[in-house]
Amino acid sequence: ILPSKTIEQVSEDVEKWAAQKKEELDSLRKNEAFRKEFLMNLSHELKTPIFAVQGYIHTLLDGAIDDPNVNKMFLKNATKNIDRLCRLLDDLDEISKLEVGEMTVTAEDFVIQDLIKDVFDTLSLKANQKNIKFSVKKGCEAPVHVMADKEKIRQVLINLIDNSIKYGKQDGHTTASIYNLDDKTLLVEISDDGQGMAEEHLPRVFERFYRTDRARSRDIGGTGLGLAIVKHIIEAHGQSINVRSKLEIGSTFGFTLPTGKE
Ligand code: ADP
């Protein structure tokens, strides 16, 4: 029986197969490294609040419970750490759903300014505590329709605007701007005049658990997952996100969205 393929063709097939296997192996290795780093970060993030709660409870049991001034403060601090743990678990839930590709984008037509104002309302109490003013940039008020998953974009806006408060300054400003890039795409920007970030952090802020030292040391209470979630959502829409920032001047996060019907 004559072989259906020449030697050259067979060897070409073998080489193709080998290249594909190598690619698979590389990707497995990369995933493995990713997974290890993720677990290490995660256990660190979980330990911090758990050990703190443990410390407060032990100290209370060792006698601090009898001091009415101290016991209240310790219980308050323990609660703060439990709250942090809950936030972390919520974010983890969210990100694991996104990462196993369970995210489905259900696009609908809506006016982006309406959603922005909704989120401003949701976060207004928190903003008031620092007297931060929210606004839509002048000239960007005319209703703009987008075609996107409204609830997911709400999450994006909540995370970005919440950060603008967390890393914003007392009496600061958070501004939303909307620009048409072309017929099909628009750009939404959330800007603040807060603490900003040094250039070196910018390429990494969308990584899971990445935080600048300042945020860590001031213990602002974030989980380091908010921007990773934001990036996932925007990319699931086939869109992109970027950041500009200057230390002590402020930050601007901009993401694109497909335009809607009007
Ligand atoms: P976190 O839960 O720590 O806020 P995020 O993923 O939302 O996590 O953000 C990652 C890091 O990026 C933050 O810890 C902070 O260092 C930095 N960052 C995010 N948003 C801003 C902002 N508006 N201004 C300054 N730094 C920011």
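The values are calculated or read from the model by the stated rules, or taken from the named source; none is laboratory data. Quick caveat, the model's predicted, so the values are computed rather than measured. Every residue, glycine as well, gets a Cβ built from its backbone with ideal geometry; the counts of neighbours run over all protein chains shown. Ligands, DNA and RNA are excluded from the accessible area calculation, which covers all protein heavy atoms including side chains. Shrake-Rupley method; radii C 1.70, N 1.55, O 1.52, S 1.80 Å.
At a glance:
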item: The range 49-78, subset of a type in the set (S, T, N, Q) and open to solvent by less than 70 Å² (accessible area, probe 1.4 Å), residue nearest to Glu207 (Cα to Cα); result: Asn77
item: Selection within the range 164-173 - open to solvent by less than 40 Å² (accessible area, probe 1.4 Å) and within 9 Å of the ligand (Cβ to nearest atom); result: Ser164, Ile165, Gly168
item: Residue within the range 108-124 that is more than 21 Å from the chain's Cα centre (by Cα) and open to solvent by 70 Å² or more (accessible area, probe 1.4 Å) present; result: yes
item: Index of the failed condition, Ser191 passing every other in (1) open to solvent by less than 40 Å² (accessible area, probe 1.4 Å); (2) in contact with an Asp or Glu (Cβ under 7 Å, 6 or more places away or on another chain); result: (2)
item: Residue under evaluation Lys152, criteria (1) outside any helix (DSSP H, G or I); (2) under 21 Å from Pro258 (Cβ atoms); (3) modelled with pLDDT under 95, criterion not met; result: (1)
item: Test: residue in the range 211-219 that is within 12 Å of the ligand (Cβ to nearest atom), closer than 30 Å to Glu102 by Cα, buried (at least 20 other Cβ atoms within 10 Å of the Cβ) and not polar (S, T, N, Q); result: no
item: Identity of the residue in the range 228-237, touching a Phe, Trp or Tyr at 6+ places or on another chain (Cβ under 7 Å) and either open to solvent by 20 Å² or more (accessible area, probe 1.4 Å) or more than 7 Å from the ligand (Cβ to nearest atom) (or both), that ends up farthest from Phe255 (Cα to Cα); result: Lys231
item: Scan of the range 174-186 for residues that are open to solvent by 30 Å² or more (accessible area, probe 1.4 Å) and either in contact with a Cys (Cβ under 8 Å, 6 or more places away or on another chain) or within 27 Å of Asp91 (Cα to Cα) (or both), ordered by number; result: Thr175, Tyr179
item: Some residue of the range 238-251 being of a type in the set (D, E, K, R), under 25 Å from Glu141 (Cβ atoms), open to solvent by 30 Å² or more (accessible area, probe 1.4 Å) and within 15 Å of the ligand (Cβ to nearest atom); result: yes
item: Residue within the range 35-54 that is over 18 Å from Arg208 (Cβ atoms), touching a helix residue (DSSP H, G or I) at 6+ places or on another chain (Cβ under 8 Å), of a type outside the set (Val, Ile, Thr) and at pLDDT below 95 present; result: yes
item: Tabulated pairs, the range 171-186, first closer than 19 Å to Lys261 by Cβ, second aromatic (Phe, Trp, Tyr), C-beta under 9 angstrom, 6+ apart or interchain; result: Leu186/Tyr179
item: Residue match in the range 87-97 (condition: without any contact (Cβ under 8 Å) to a residue 12 or more places away in the chain and among the basic types (Lys, Arg)); result: yes
item: Some residue of the range 37-47 being more than 22 Å from the chain's Cα centre (by Cα) and surrounded by 10 or more Cβ atoms within 10 Å (Cβ to Cβ); result: no
